[in-house]
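Heads up, the thing below is written out as structure tokens.
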Amino acid sequence: MSAEITDELCDGILWVTFNRPQARNALTFEMYKRLAELCRQMPTDGSVRAMVLSGAGGKAFAAGTDMTQFRAFETPHDALNYEQQIDDVLEAVERCPVPTIAAIHGACTGGGGSIAAACDIRIASESLKFGFPIARTLGNCLAAGNLARLSELIGAGRVREIIFTARLIEAQEALQTGLVSELLPDETALLSRASELADKVGGMAPLTLRATKEALRRNRAALQVDDSDLIVSCYMSDDFRTGMEAFLAKKKPEWKGR
């Protein structure tokens, strides 16, 4: 078990925690890999009835992918391979045979937002800040499947607007738009409610839940498109390199559009 993502089974509920509080739980490739493994290896014998995802440190669920890893990107293959890996992780979360609950406290951005969106249920504390500020920071793009998943939750118009403006959705808006189903006042109440909810949904007919999850996934999978040219155009651009280095240096990037 990686120290950067922990898992603990308690009374049939698997608690998975992103555990890089010093980096606001920014996700490393190893953390993505471990999450996918947990989902793919989930037992179906009743020993695990539900899974709850949360973030350590009291400030963030997960603040996107650790950007230092992008410095190694040199070829179109690097970009396409990364987005394919992320898509595989999100599909593993969606295919997880038990109900998945994202208990979101604080920042839930980039890859963290994508993971939360792939879960069956999202609940949050009042400190929630959700979004994909990539047009202000990195200058990369979301894969088409990721955009489709978000559009399914909050509508294509709102997805377009939050990406174009790089703003973050806060708690009340998240509740009103259906991004989350419940708001709790603080992290303690959030985790307590997550436990209650996991226990409840974990007691439902498992085949009904699995069939529903898979049917919804297939509905969206039928609309898959080829977005490789879009991914390469962003990740291989001068702007992407500029945005990455500016963000890491805590400076404002100067976009050139190339």
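FYI, it's all coordinate maths here, none of it is from the lab. If you're wondering where the values come from, they're calculated on a predicted model, not measured in any experiment. Please note: Cβ atoms are built from the backbone with ideal geometry, for glycine as well, and neighbour counts cover all protein chains shown.
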Computed over the Cα atoms of the chain, the Rg and Dmax in Å are 17.7, 55
Give me the dipole magnitude in Debye, nearest 20, for the chain about the Cα centre, with unit charges on the beta carbon: positive for Lys and Arg, negative for Asp and Glu.
460 debye
State the Cα centre-to-centre distance between segment 4-43 and segment 145-190 in whole Å.
22 Å
Classify segment 175-237 from the C-alpha gyration tensor, please: rounded if a/c falls under 1.5, else prolate or oblate depending on whether a/b exceeds b/c.
oblate
Find out how many positive minus negative residues lie around T242, taking Lys and Arg as positive, Asp and Glu as negative, among other residues whose Cβ is under 15 Å from that of T242.
+4
Taking a label point 7 Å from the Cα of D226 along Cα-to-Cβ, the residues of segment 52-89 whose backbone nitrogen sits under 19 Å from it are 76-85
Take the cross-link list K59/K256; K33/K252; K129/K200; K129/K251; K33/K256 and give me the ones stretching past 29 Å between alpha-carbons.
K59/K256; K33/K252; K33/K256
Contact order relative to length of the chain, as percent, for alpha carbon pairs under 8 angstrom and 6 or more apart
20 percent
Rounded to 5, percent antiparallel among DSSP beta bridges of segment 5-190:
25 percent
